[in-house]
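Chemist: The structure is given below, and queries will be raised subsequently.
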Amino acid sequence: MKTLTPGEIAQYCDVHQRTVSRWIACGQLKGFKLPGRGNYRVVLADFIEFLQKQKMPVPAEFNQATSVLVVDDDVAYQRAIQRVLKSSGYEVLLAADGFQVGVMLLENKPSVMTLDLQMPGLDGFEVLKFIRQRPELHHIKILVISGLAQVELEKARAAGADATLAKPFDNTLLLTAIAQLLH
């Protein structure tokens with residue numbers, strides 16, 4: 001888990017280090033104190049979430065050239081996920097069904113994939129099985145986004161998903177989940 005110091009955050013935000021410490025102290029920015037000296041640290045995912053809430057740009061080094069493959073047969077959800085991810089600097093690839101996934105994964109090698117479980121043809125569970133059985137695809141982090149019941153989301157985790165998110169989802173939760181999978 002990557003953490004940042006208030007000094008590093010101050011440089012990214014072009015503010016004084018004391019300003020960052022005040023953000024943490026008043027709860028605007030989630031942080032923690034190290035035992036002993038009491039210096040603050042902030043988890044990278046929490047810093048990215050803070051930047052997004054404040055409508056501040058996310059430094060390119062945190063998501064530069066990071067591609068996300070969005071797999072969903074529902075065009076409205078595909079576009080919603082694409083819009084949120086693109087606005088945060090991610091490169092977004094789209095696939096409408098499980099058959100397109102194999103080609104997209106091998107050609108583009110995305111870092112993360114969002115995956116719906118209910119799709120025509122190959123469903124999300126079959127896609128999970130396909131990916132987790134192929135060593136050259138093992139590095140891909142998979143976020144299952146589904147409207148199915150919690151029991152099904154837990155089955156997806158057991159089948160190889162790295163994280164799950166229930167539909168409908170909050171945009172901030174989506175971005176936080178992606179950031180956590182990447183770091």
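The values are calculated or read from the model by the stated rules, or taken from the named source; none is laboratory data. This one's a predicted model, so the numbers in the text were calculated from it and none came from an experiment. Methodologically, a virtual Cβ is constructed for each residue, glycine included, from the backbone with ideal geometry; neighbour enumeration extends over all protein chains shown.
Chemist: In the range 143-180, what count of residues is obtained for those that are closer than 12 Å to LEU128 by Cβ, part of a strand (DSSP E or B) and free of Cβ contacts under 8 Å to residues at least 24 places away in the same chain?
Modeler: Residues flagged as closer than 12 Å to LEU128 by Cβ, part of a strand (DSSP E or B) and free of Cβ contacts under 8 Å to residues at least 24 places away in the same chain within the range 143-180 amount to 1.
Chemist: Hey, another quick one. Quick one: which residue in VAL68, VAL127, VAL103 is in the same structural domain as ILE178 (by TED's automatic domain parsing) and either within 20 Å of ALA45 (Cβ to Cβ) or under 18 Å from the mean Cα position of the chain (by Cα) (or both)?
Modeler: Numbers: VAL127 fails: either within 20 Å of ALA45 (Cβ to Cβ) or under 18 Å from the mean Cα position of the chain (by Cα) (or both); VAL103 fails: either within 20 Å of ALA45 (Cβ to Cβ) or under 18 Å from the mean Cα position of the chain (by Cα) (or both).
Only one candidate qualifies: VAL68.
Chemist: Then there is this: When you scan the range 147-175, how many residues do you find that are of a type in the set (Val, Ile, Thr) and within 29 Å of GLY89 (Cα to Cα)? First the steps, then the outcome.
Modeler: The first filter runs over the range 147-175 and keeps only residues of a type in the set (Val, Ile, Thr), leaving 151, 164, 172.
Filter once more, keeping what is within 29 Å of GLY89 (Cα to Cα): 164, 172.
Counting residues in the range 147-175 that are of a type in the set (Val, Ile, Thr) and within 29 Å of GLY89 (Cα to Cα) gives 2.
Yes/no matrix, rows are residues, columns are (1) in contact with a Ser or Thr (Cβ under 8 Å, 6 or more places away or on another chain); (2) small (Gly, Ala, Ser):
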position	(1), (2)
TYR90	yes, no
MET104	no, no
LEU117	yes, no
LYS129	no, no
GLY147	no, yes
GLU152	yes, no
ASP162	no, no
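Chemist: Output the qualifying pairs, or none if there are none: Cβ atoms under 7 angstrom, residues six or more apart or on different chains, first residue in the range 84-112 and farther than 30 Å from GLN54 by Cβ, second residue of a type in the set (Ser, Thr, Tyr) and surrounded by fewer than 19 Cβ atoms within 10 Å (Cβ to Cβ).
Modeler: ASN108/SER67
Chemist: Here is a list: VAL84, VAL58. Which entry is under 14 Å from the mean Cα position of the chain (by Cα) and at pLDDT below 90? Full working, then the answer.
Modeler: Working: VAL84 fails: at pLDDT below 90.
After applying the criteria, what remains is VAL58.
Chemist: Of THR66, THR19, which residue is in contact (Cβ under 8 Å) with a residue 40 or more places away in the chain and farther than 17 Å from VAL144 by Cβ?
Modeler: On the way: THR19 fails: in contact (Cβ under 8 Å) with a residue 40 or more places away in the chain.
Being in contact (Cβ under 8 Å) with a residue 40 or more places away in the chain and farther than 17 Å from VAL144 by Cβ holds for just one of THR66, THR19, which is THR66.
Chemist: Related question: Restricting attention to the range 17-56, report how many residues are of a type in the set (A, V, I, L, M, F, W, C) and assigned to a loop (DSSP other than H, G, I, E, B).
Modeler: Step one: of the range 17-56, the residues of a type in the set (A, V, I, L, M, F, W, C) are 20, 23-26, 29, 32, 34, 42-45, 47-48, 50-51, 56.
From what's left, assigned to a loop (DSSP other than H, G, I, E, B): 26, 29, 34, 56.
Count: 4.
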